Amino acid sequence: MKPLKSILTCAAVALGLAATTAAAEPAKVGFVYVGPVGDFGWSYEHDQGRLAVEEHFGDAVETTFVESVPEGADAERVLTQMALSGHDLIFTTSFGYMDPTINVAAKFPNVHFEHATGYKNADNVSTYSARFYEGRAVIGTIAGRMTESNKVGYIASFPIPEVIRGINSAYIHAKKVNPDVEFKIVWVYTWFDPSKEADAATALIEQGVDVIMQHTDSPAAMTIAEERGIMAFGQASDMLQFGPTARLSSIIDNWEPYYIARVQAQIDGTWESVSTWDGIAPGMVKIGAFSDRIPADIQAEAQALADSIAAGDYHPFTGPLNKQDGSVWLADGEVADDGTLAGMNFYVEGIEGDVPN
Amino acid sequence: MDLSTINPVVLIATLMVAATPILLAATGELVAEKSGVLNLGVEGMMITGAICGFAVAVETGSPFFGFIAAAIGGALLSLIFGVLTQILLANQVATGLALTLFGLGLSALLGQSYAGIKPPSTFKLDMPLISDIPVLGPILFNHDLMVYVSIGLVALVWAALKYSRIGLVVRAVGENHEAAHALGYKVVRIRLLAIMFGGACAGLGGAYLSLIRVPQWTEGMTAGAGWIALAIVVFGSWKPWRVLLGAYLFGGVTGLQLNLQVAGADIPVEYLSMAPYLITIIVLVIMSADKSRAALSAPASLGKVFHATS
């Protein structure tokens, strides 16, 4: 009996092995979001990317996500948990996860991490972000043309390079088409707090602003803009349903192609640490459809700007540009390099107020 | 800096709107705490009220039914807390925290199909002549009904706690549940009712956010308002009018700091951002600091477990 038994066991083991190689263990991909997936903004779009990955790869991947994870120590706990539970690839989708990602990645060299909007890489940590400033240039142009009070409101989250870059880009291009334009900037120190965002929008409107841009995640400002009869732009996601009349256009984050490409690399075993910074051209940044409210010539102007950015003919940060204090930043025709853009911590000339520290 | 762009009248009018959700939730919590129950689940009850109110308002097309549903939703959720802490004698702090987490999750689940919908707009009180009075008109007579309801509620709670028999019983239960029990009062029943009142008020506060102030449904939209309400009850030393003051102060400084930023005030943004929390706490602490009996204003049995046989 004994030989038979061991033969059977061997067969079973062999069969088991065969079965696992045939079906291949699905790649386990995790996502960490700073807000709820239903924020209809930043986290929502990342989750759309996750869903696209699931649809594209079917059974070959298994995705999980944790939403509303605070930036800081709590993120480290969530990341450790994810790494321990067998994830192969983990996307951390907010700037504030930068150090937690690096710390946890050091402890799990075999797990691959992808950190959005940060600047710290490691052997197993890639960074990726979108050149939102390209989109800001386009909507800045529209804002400059459409404002009647010449006051554009800007709801800013945290004073990090990404946000400052957006303000500068929007301002430069609004100013270009409307020399009288003024930017009113409010820092709310949150990515997601609908009531605070709504209050900021109200404060801006009370002081004469008639176009609102935002760098926060919820559509609250759009709702207020609709209610008060002013104009606004969708942020991260289209937000049309929140402001059918108010919405002029939007900057849409499109993570799907990137997520699919990176998961593919993980499955193929070709994943390596990279820094990706894509803009309008590869489709990571999309400009939402123009509202009929925008006159045709302005639509054409904005579209032409988007096209020339996509074609690489024009860079939104092209000199002559001065810093806020009047010192020269870029000479005539000079183009900003990525290093300066990535660490941008100053306003360009003409913007009032100081960048908070 | 051009401060002339800030219109104080508009600012006061908006602060009342900004403060109303916190005020409603804090008033409810005040009653629960006066009866000796510390319910840390305010945030969870608020957000449950926010989605219950929003969903019913959207389905029925009536914000009025929305607010009713919000109050019921908040009260039902608080009843879970009530049963756990009053009948099963669970720890109040832990149960309250769990209630917040549960409320956040439950509301996200209930709200899945309601994201991205516009609620029916809420009735604004139309007072044609008096709302046109300069200064006083916009401040006092140009709000939605809920702003007046919240102030009325504060007055009601104050009067009831101070002058009515019910108020005296609630306070007795909160100060010394053994004595109240010995006198024949149903401690558990009274506390359950106080908890449900707190839940209903928190629900109303949440619905005010989702139906009027923001107005839309997004997950996690209360974003900490419940915790502010809890803090205001403590710093307002369990006195209804001080709670009103605290809520308005908080709402006011929040609005003011945003307006100062827009006007380009020469104050670092960091200080402006922390100002609402700091100023509210400082003012309320100063108000209750000079009296040696300040410490006594906390209900003596607050957070203590009561069991009739022990």
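What to note about this one:
- Pick from the stretch A:114-158, criterion farther than 26 Å from A:Ala265 by Cβ, assigned to a loop (DSSP other than H, G, I, E, B) and more than 14 Å from every other protein chain (Cβ to nearest Cβ), ranking: nearest to the chain's Cα centre (by Cα): A:Thr147
- Residues of the stretch A:60-76 that turn out to be in a helix (DSSP H, G or I) and loosely packed, with under 14 Cβ neighbours inside 10 Å, as a count: 2
- Residues of the stretch B:234-285 that are at negative phi and not in a helix (DSSP H, G or I): B:Gly236, B:Lys239, B:Ala265, B:Asp266, B:Ile267, B:Pro268.
- Test result for A:Ala302, assigned by TED's automatic domain parsing to the domain that holds A:Ala289, buried (at least 17 other Cβ atoms within 10 Å of the Cβ) and closer than 30 Å to A:Thr127 by Cβ: yes
- The one condition in (1) more than 10 Å from chain B (Cβ to nearest Cβ); (2) more than 25 Å from B:Ile228 (Cα to Cα); (3) surrounded by 24 or more Cβ atoms within 10 Å (Cβ to Cβ); (4) out of contact with any Leu (no Cβ under 9 Å at 6 or more places or on another chain) that A:Pro179 fails to fulfil: (3)
- Annotation note: of B:Leu79, B:Leu23, the sole residue that is closer than 20 Å to B:Arg191 by Cβ and either surrounded by 22 or more Cβ atoms within 10 Å (Cβ to Cβ) or not β-branched (Val, Ile, Thr) (or both) is B:Leu79.
- Criterion: over 25 Å from B:Met274 (Cα atoms) and more than 14 Å from chain A (Cβ to nearest Cβ) - qualifying residue of B:Ile232, B:Ile190: B:Ile190
- Residue check, A:Thr223 free of Cβ contacts under 8 Å to residues at least 40 places away in the same chain and either part of a helix (DSSP H, G or I) or at negative phi (or both): yes
- Selection status of B:Gly74, touching a residue at least 24 places away in the same chain (Cβ under 8 Å), more than 14 Å from chain A (Cβ to nearest Cβ), under 13 Å from the mean Cα position of the chain (by Cα) and on the phi < 0 side of the Ramachandran plot: yes
- Among residues that are of a type in the set (D, E, K, R) and either outside the structural domain of A:Tyr171 (by TED's automatic domain parsing) or within 23 Å of the chain's Cα centre (by Cα) (or both), A:Asp313 is not included.
- Per-region count, the stretch B:1-60, residues within 30 Å of B:Leu136 (Cβ to Cβ), hydrophobic (A, V, I, L, M, F, W, C) and not in a helix (DSSP H, G or I): 2
- Scanning the stretch A:101-114 for residues that are crowded, with 24+ Cβ neighbours inside 10 Å and out of contact with any Phe, Trp or Tyr (no Cβ under 6 Å at 6 or more places or on another chain) yields A:Val104, A:Phe113.
- Criterion (assigned by TED's automatic domain parsing to the domain that holds A:Ile139 and within 30 Å of A:Ile90 (Cβ to Cβ)) met by exactly one of A:Ser291, A:Ser250: A:Ser250
- Applying the condition of being more than 20 Å from A:Pro159 (Cα to Cα) and within 11 Å of chain B (Cβ to nearest Cβ) to the stretch A:203-221 and asking which residue is surrounded by the fewest Cβ atoms within 10 Å (Cβ to Cβ) yields A:Gly208.
- Check on A:Ile260, surrounded by fewer than 19 Cβ atoms within 10 Å (Cβ to Cβ), closer than 30 Å to A:Pro109 by Cα and in contact with a His (Cβ under 7 Å, 6 or more places away or on another chain): yes
- In the stretch B:199-257, the residues that are out of contact with any helix residue (DSSP H, G or I) (no Cβ under 7 Å at 6 or more places or on another chain) and of a type in the set (Asp, Glu): none
- Matching option when the condition is in contact (Cβ under 8 Å) with a residue 40 or more places away in the chain and within 14 Å of chain A (Cβ to nearest Cβ), among B:Arg213, B:Arg242, B:Arg171: B:Arg213
- All positions within the stretch B:249-280 that are more than 10 Å from chain A (Cβ to nearest Cβ) and either among the polar types (S, T, N, Q) or touching a Pro at 6+ places or on another chain (Cβ under 6 Å) (or both): B:Phe250, B:Val253, B:Thr280
- Only listed residue being of a type in the set (A, V, I, L, M), assigned to a helix (DSSP H, G or I) and either within 13 Å of another protein chain (Cβ to nearest Cβ) or more than 18 Å from A:Lys151 (Cα to Cα) (or both), chosen from A:Ile252, A:Ile260, A:Ile185: A:Ile260
The values are calculated or read from the model by the stated rules, or taken from the named source; none is laboratory data. This one's a predicted model, so the numbers in the text were calculated from it and none came from an experiment. When we count neighbours, we look across all protein chains shown, and the Cβ atoms used for this are built from the backbone with ideal geometry, even at glycine.
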